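Rule-based calculations on the coordinates, nothing more; no lab input. Predicted model, so just to flag it, every value in this text is computed and none were measured. No Cβ is skipped: glycine too gets one built from the backbone with ideal geometry, and neighbour counts run over all protein chains shown.
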Amino acid sequence: MSGPGGLVVVLSGPSGVGKGSVHAGLHGLLDGLETSVSATTRAPRPGERDGVAYHFVDDATFDRMIATDALLEWAAYAGNRYGTPRAPLEDAVARGRTVLLEIEVQGALQVRARLPEALLLFLVPPAFDELERRLRDRATESEATIQARLEVARGEMAAQDDFDHVVVNDDLDRCTAEVAALIDRARSGL
Ligand code: 5GP
């Protein structure tokens, strides 16, 4: 979607690839960037605040959001559901803002179908083993959850051809700068 100058940017890629770190770094490099706060049925991790990290909702609320078409996209992921609230995104784009969605692959492909003009970026690790190490370093999840996430990640890597650009997260600063440059180019209509 693009309003007057507005742009939707989807930052996707397998869990553990470093989407969150790249996303955090982008705010220092780009003006006018807003983060879409997703709804999720997952429980908060320590330190995650409702309305900031996510809108933490129960299953009935999530069902209602789907039924009323309040979500631009949503996906089930490792036993929980995640979705992008539509209204705040549309408002921000209408105000000419760049709205960044940090979401998994199935949802990214739904955005592609619904908003063909969105910029879709796919982050990949320099090697698959790196994902496992990053997921373990985070150490907030059980072994079963880590295994489920790795299984999903293997499938997700296959979707990269459907994205506008694939960016290798070999070095956080370099990768973040490359993503910022791609967003800048899209904003100038190149
Ligand atoms: P986590 O539980 O680690 O916060 O997120 C799990 C996965 O869900 C990550 O890949 C994350 O990017 C993705 N995710 C977060 N919000 C959304 C959303 O609104 N929609 C979709 N499709 N995926 C999301």
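Full extension from R136 to T35: what is 0.36 nm times the residue separation minus their Cα-Cα distance, to one decimal in nm?
Full-extension gain reported as 33.7 nm.
Placing pseudo-labels 7 Å out from each Cα toward the beta carbon at S188 and E117 gives an inter-label distance of 1.9 nm.
For the range 7-187, the relative contact order comes to 35 percent (Cα pairs under 8 Å, sequence separation of at least 6). DSSP beta bridges in the chain, what fraction antiparallel, as a percent rounded to 5? So the antiparallel bridges in the chain amount to around 30 percent. Over the range 7-187, all Cα pairs binned in 10 Å intervals from 0 give whole-percent P(r) values of 9, 38, 40, 13, 0, listed from short to long.
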